[in-house]
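Just so it is clear, none of the values below were taken in a lab; they were calculated from the coordinates. Every value quoted in this text rests on a predicted model; they were computed, and no experiment measured them. Cβ sites come from the backbone with ideal geometry, for glycine too, and all protein chains shown count toward neighbours.
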Amino acid sequence: MSETNSSPSDLVQSGNLSSVENTSDGLKVSIGNHLRFTLATGIGIASDRDWWVATCLAVRDRVLDLSSRTNANHRNKNVRRLHYLSLEYLMGRLLENNLRNSDLYDAAKQALGEMGKDLDSILNKEPDMGLGNGGLGRLAACFLDSLSTLDLPAVGYGIHYEFGLFRQEIVGGRQMEQPDVWTRDGNPWKIVRPDYRQTINLYGKTVQKFDDQGKGHVEWVDTKTIVGVPWDIPIVGYDSETVNLLRLWEAHASDAFNFHVFNSGSYMEAIHDKAMAETVSKVLYPNDSTETGKELRLVQQYFFVACSLADIVRRFKRDNPAHWSLFPDKVAVQLNDTHPAVAIPELMRILVDQEFLKWNEAWEICKKIFAYTNHTLLPEALEMWSVPLFGRVLPRHLEIIFEINRLFLDGEVEKMWPGDSEKKRVLSIIDERGAKSVRMANLSVVGSHAVNGVAALHTRLLREKLFPEFDAVFPDRFLNLTNGITFRRWLDVCNPQLSKLISDTIGTGWKKDAMKLTALESYADDNSFQQCYRRIKRDAKVRLAKIIQDTCGITVSPDALFDVQIKRLHEYKRQHLNLVHIVALYQKLLADPDADIHPRVFIFGAKAAPGYFLAKNIIHAINALGSKVNNDPRVKGKIKVVFLPNYGVTLAERIIPASDLSEQISTAGKEASGTGNMKLALNGALTIGTLDGANVEIKEEVGDDNIFIFGLTVEEVNDLHTRGYNPWDYYWADSQVRNAIDWLASDFFTGNSADFKPLRDSLLDHGDPYMVLADFASYARAQSDVDAAYKNPAKWDRMAILNTARMGKFSSDRTISEYAEKVWNLKAVSRA
Ligand code: 26W
């Protein structure tokens, strides 16, 4: 994977290692050698973790061979590359994915088997790389898989957090956060690259300087510096020889620090500075949708953006000496939400202050380079930085932003709406109402040539509601690129039994061309196919039931309907709608113990942001409900409620194959896309959902008969808001919802009636901002439709099979091909 400075022809030759045969014998030699010579242990005495490391390293040897070939090939051809800038990557585990993608799984299983080890238990030793919060971070990981699979040249840039997303424990029904020390004992997939370290500046001030011709330029002086050291992780595609890199920056104190120590004598102060520098990459911020405007977060954003752009410029200059006009031909940069948007003023600073390009020339280059993906319409998630804070941390960037803004308002905006100060107020990058702040979304739209939403409905709302004025100024800038998921991880790796059934039935072509899954449609009513499909689902449910037993001590039957809601905990996602409905069902069963309800297990997985009080209250309520229901003999085991702690990628891989029903129940207009909805449908879980995000497109694909849609539409939600929504109207009109809420807020569940008062208050006194009560009746009806459908196995199986067959559109290969064509102008690079 090296990017050495030797000539390209040397690189091609050095890529030819013959000792790394892709056979079980070859793997046995490699694993044995790594045990002895890398880990200083031996076959008889190695721990399971040693075996995991040695197996990873054996696979890594093979991957690195391809990686250096990829690098040499790309460099020889001086290709155009995509650079994906994201503050988050939720990679999960890598060994099984890399084994399956490179077709080494069977060989590794055999090799380890012959050495007396079981591959599956070794795979379980791997900690998740959880460097992300939720959808946005996992999307980045799926995109990297598709980029390598499609032979597209790309680099992912991000932060090497020492602590990923916190580990969740449930104590007394409540969430507790523990640090995630994923890299404490090292990680065989990441390789440090000290040669590519970058030094970046922060704080300080700007001064005007003149050259001997009397020409002025700005210098940024008296700065503090931080060093970024990159860690590279190879990204293995499926059936592809392209191995791209994920490059994650780790913050260190600069060498100037040492100088300071030796000369100033203030050792303790210097150590303090060093520790401060190193906090920059310490920890991932655990907020999934609320912006808090913390200085360290801005420093993180600038740190990784500045290191990444310096790395991009270094590579460009090496391959294209001093031809800035070529830069946009070689470089595309995708901004994963506004988190890396400071890249726009940073590139302007490099071009204008360091490379002395004219402002206009630099600005044209900038706009050709950047594209921006918006992932949320929630107002509290839109990033705003206080102007004084921004100016203190990045004084030069603030000046550049002011200049970008001035030229935009006096130029495009003035031309379109002469003298209209209201339009300028709305479009300005600087929010001047109250304390001044920088609107990162506005900066991203102005500085990019393309802006996309992540599902058709979301993009429509983006254009019509969030950015209507921008859409008028730049009508060609907005486009939709519906999200997707990698079918390799989310079917082939996580559900190998189903993957095999599909491949045995229609061939393996679907792994690279997901639309081929439509061939399964003709098996939807085939009795023997249905039997196999059902057996695989049941086996997955048996495995999940064991996990539930082992982690929660709750016994569940694999013959029950597994009803699953797995996603970050947020009011807009409405786990509390699900909760209130279960309470109502519990009451119904108590009133009529013989009610004809098919047994159901309600399964939740969700982390709440540590500071999100109501989200934590909902987690507590789910657990409190579970402890009552699960131990109440009167319900005769018909319903169980399970909260699986520490939801993440690996747990998702266990839950999804075992799911019958997928809860996608956000208030219409709030969920940008959702991607769990796609993973669950692909694995044959039917969706109960609102017409929100990508659910709308899932419905179009699977057909109205194969999905359970309920609730208000976006238009109805807006109308109701305009008319004036009052949850008390629903409360008084519907005794079912009234009784459920009142019971939940009583002392029945925990002995303390104050415990769930916050939840009750939010639903009633505080106006139920996400319209849980308005959608309750419709949801309850859809749930009884689900119950009826599940009682007819042949019908249910047919629906589930059709879901699998019709998910092709939601492959991230399709999404990435669209980005490559419509946004990046990026072509696949042939091998060799
Ligand atoms: C600054 C705080 C913050 C942190 C994260 C604000 C916003 C975010 C993300 C944009 C939240 C997020 O992950 N959005 C999700 O992105 C997915 C991928 O596009 C979508 O499928 C989800 O619907 C969307 O919620």
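With only Cα atoms counted, region 433-586 has Rg and Dmax values of 22.7, 67 Å.
Using C-alpha pairs under 8 Å with a sequence gap of at least 6, the mean separation divided by the residue count of the chain gives a relative contact order of 13 percent. The C-alpha radius of gyration of region 741-832, expressed as a fraction of 2.2 N^0.38 Å, stands at 1.93. Semi-axes of the equivalent ellipsoid of region 489-540 are 17, 15, 7 Å, computed as sqrt(5λ) over the eigenvalues of the C-alpha gyration tensor in descending order.
In region 704-832, Cα pairs under 8 Å separated by at least six residues give a relative contact order of 28 percent. Each of Glu295, Glu383 has some number of other Cβ atoms within 10 Å of its Cβ, and from fewest to most they run Glu295, Glu383.
Whole-Hz Karplus values for region 525-540 come out as 9, 6, 4, 6, 5, 4, 4, 5, 4, 5, 5, 5, 4, 5, 4, 5 Hz, taken residue by residue from phi with 6.51 cos²θ - 1.76 cosθ + 1.60 and θ = phi - 60°; glycine and proline positions read x. Counting only Cα atoms, region 524-585 measures 42, 30, 24 Å along its principal axes, largest extent leading.
Mind checking region 157-210 for chymotrypsin sites (Phe, Trp or Tyr not before Pro) that DSSP puts in a loop (not H, G, I, E or B) and that have at most 15 other Cβ atoms within 10 Å? Those that pass, being in a loop and sparsely packed, are Tyr203. Over region 218-364, the hull volume per residue, using the convex hull of the C-alpha atoms, is 176 Å³. Rounded to whole numbers, the Karplus 3J(HN,Hα) couplings from phi for region 45-60 are 10, 5, 7, 4, 5, 4, 5, 4, 4, 5, 5, 4, 5, 5, 5, 4 Hz, using 6.51 cos²θ - 1.76 cosθ + 1.60 with θ = phi - 60°, and x at Gly and Pro. Dimensions of region 151-198 from C-alpha coordinates, computed as largest minus smallest value along each principal axis and given longest first, are 48, 26, 21 Å. Close amide-amide hydrogen proximity is noted between Ile159 and Trp249, each under 5 Å apart and 5 or more residues distant or on a separate chain (H modeled in the peptide plane; Pro and chain starts excluded). In terms of its C-alpha gyration tensor, region 67-112 has an oblate overall shape, because the principal axis ratio a/c (a ≥ b ≥ c, square roots of the eigenvalues) is not below 1.5 and a/b does not outweigh b/c. Couplings 3J(HN,Hα) for region 649-659, derived from phi with the Karplus relation 6.51 cos²θ - 1.76 cosθ + 1.60 (θ = phi - 60°), are 4, 5, 5, 4, 5, 8, 6, 4, x, 9, 8 Hz, where x marks Gly and Pro.
At q = 0.27 Å⁻¹, what log₁₀ I(q)/I(0) does a Debye calculation on the Cα points of region 660-714 give, no solvent, two decimals? Debye curve over Cα of region 660-714, log10 I(q)/I(0) at q = 0.27 Å⁻¹: -1.09.
Every pair of different Cα atoms in region 374-431 enters the Kirkwood calculation, which places the hydrodynamic radius at 12.9 Å. For Lys117, a cut-off of 18 angstrom between C-alpha atoms picks up these aspartates and glutamates, skipping any fewer than 8 places away in its own chain: Asp25, Asp48, Asp50, Glu96, Asp106, Glu126. Expressed as a fraction of 2.2 N^0.38 Å, the C-alpha radius of gyration for the chain is 0.97. Among the listed pairs Lys636/Lys757; Lys573/Lys679; Lys28/Lys125; Lys205/Lys367, those whose Cα-Cα separation exceeds 21 Å are Lys636/Lys757; Lys205/Lys367.
Dividing the convex hull volume of the alpha-carbon atoms in region 505-655 by its residue count gives 148 Å³ per residue.
Given 4 °C and 1.567 mPa s, compute D for region 324-387 with the Stokes-Einstein relation, Rh being the Kirkwood radius over Cα pairs; round to the nearest whole µm²/s. Result for D is 100 µm²/s.
State the percent of C-alpha pairs, over all pairs in region 38-153, separated by a distance greater than 16 angstrom. Result: 68 percent of Cα pairs exceed 16 Å. For region 493-561, the relative contact order works out to 21 percent when only alpha carbon pairs closer than 8 Å and six or more residues apart are counted. Each listed q (0.16 Å⁻¹) maps to a log10 I(q)/I(0) for region 688-818, found by the Debye formula over equal Cα scatterers with no solvent: -0.95. Overall shape: prolate for region 122-203, with the ratio a/c of the largest to smallest alpha carbon gyration tensor axis at 1.5 or above and a/b above b/c. Taking region 354-451, which trypsin sites (Lys or Arg not before Pro) meet the DSSP loop condition and have no more than 13 other C-beta atoms within 10 Å? Within region 354-451, the qualifying trypsin sites (Lys or Arg not before Pro) (loop, at most 13 other Cβ atoms within 10 Å) are Lys358, Arg433.
For the chain, the 222 nm mean residue ellipticity estimated from helices alone, with every DSSP H stretch of n ≥ 4 adding -39500 (n - 2.57) and the total spread over all residues, rounds to -13500 deg cm²/dmol. Would you list which aspartates and glutamates come within 15 Å of Lys537, measuring only between C-alpha atoms, while excluding same-chain residues fewer than 8 positions from it? Leaving aside aspartates and glutamates fewer than 8 places away in the same chain, those within reach of Lys537 are Asp492, Asp559, Asp563, Glu653, Asp660, Asp797. Size of region 463-521: Rg and Dmax of its alpha carbons, in Å, are 18.8, 53.
Looking at region 68-197, the DSSP beta bridges with both ends there are about 65 percent antiparallel. Proximity of backbone amide H atoms, modeled 1.01 Å from N, is registered between Ile485 and Ser811, Ser812 at under 5 Å, excluding neighbours fewer than 5 places apart on the same chain. Ranked by how many other Cβ atoms sit within 10 Å of their own Cβ, fewest first, the residues His598, His581 fall in the order His598, His581.
Taking amide H positions as modeled 1.01 Å from N, with prolines and chain starts lacking one, the residues under 5 Å from Leu284 and 5 or more places away or on another chain are Phe163.
Sorted largest first, the spans of the alpha carbon positions of region 328-468 along the three principal axes are 42, 36, 32 Å. When DSSP beta bridges are restricted to pairs lying wholly in the chain, around 45% turn out antiparallel. Give me the percent of Cα-Cα pairs in region 635-690 that sit more than 18 Å apart, rounded to a whole number. Value for region 635-690: 44 percent of Cα pairs lie more than 18 Å apart. Taken along the Cα-to-beta-carbon direction at a fixed 7 Å, the label points for Glu700 and Glu295 span 4.8 nm. Once you have a ≥ b ≥ c as the square roots of the Cα gyration tensor eigenvalues for region 595-732, tell me rounded if a/c is under 1.5, and otherwise prolate or oblate according to whether a/b is larger than b/c. Judged from the Cα gyration tensor, region 595-732 comes out rounded (a/c under 1.5). Annotation: the residues Val542, Val299, sorted from fewest to most other C-beta atoms within 10 Å of their own C-beta, follow the order Val542, Val299.
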